[in-house]
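J.: Sending over a structure as structure tokens; questions will come in a sec.
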Amino acid sequence: MLFRRKAYQTLMAWKSQSNGKRAMLIEEARRVGKSTLAQEFAQHEYEGHLVIDAEHRHGYSATISQLRPRTSWPG
């Protein structure tokens, strides 16, 4: 739990510093809880979120290229 608590605090600091203007890439070894941590953080700290799981990469470039940016972002 200490790792999760420290990682969550790091995400909170990033959120405060970035003011909604920067993305974050979470890199670490496989199966250590990155996705779980990111989803938990998004659910508790934002009204909405989008999950893109790069584990199965087939077809992502086409899907991502079809996304249209919102005209205005909160924050």
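The values are calculated or read from the model by the stated rules, or taken from the named source; none is laboratory data. Since the model is a prediction, treat every value here as computed from it, not as a measurement. Neighbour counts run over all protein chains shown; Cβ positions are idealised from the backbone, glycine included.
J.: Considering only segment 15-47, state which residues are over 11 Å from the mean Cα position of the chain (by Cα) and of a type outside the set (D, E, K, R).
T.: If the condition is that a residue be over 11 Å from the mean Cα position of the chain (by Cα) and of a type outside the set (D, E, K, R), then 16, 17, 18, 19, 20, 29, 32, 33, 44 are the ones that fit.
J.: Which residue pairs have Cβ atoms under 6 Å apart, sit 6 or more places apart or on different chains, and have a first residue in segment 14-43 that is closer than 15 Å to residue 4 by Cβ and a second that is at pLDDT 90 or above and not small (Gly, Ala, Ser)?
T.: As it stands, the answer is 41/11, since those pairs meet every condition given.
J.: Would you mind finding the one in 36, 71 that is at pLDDT 85 or above and not aromatic (Phe, Trp, Tyr)?
T.: Every option except 36 fails the conditions.
J.: Among (1) of a type in the set (Phe, Trp, Tyr); (2) at pLDDT 85 or above; (3) out of contact with any helix residue (DSSP H, G or I) (no Cβ under 6 Å at 6 or more places or on another chain), there is one condition residue 60 misses while meeting the rest; what is its number?
T.: (2)
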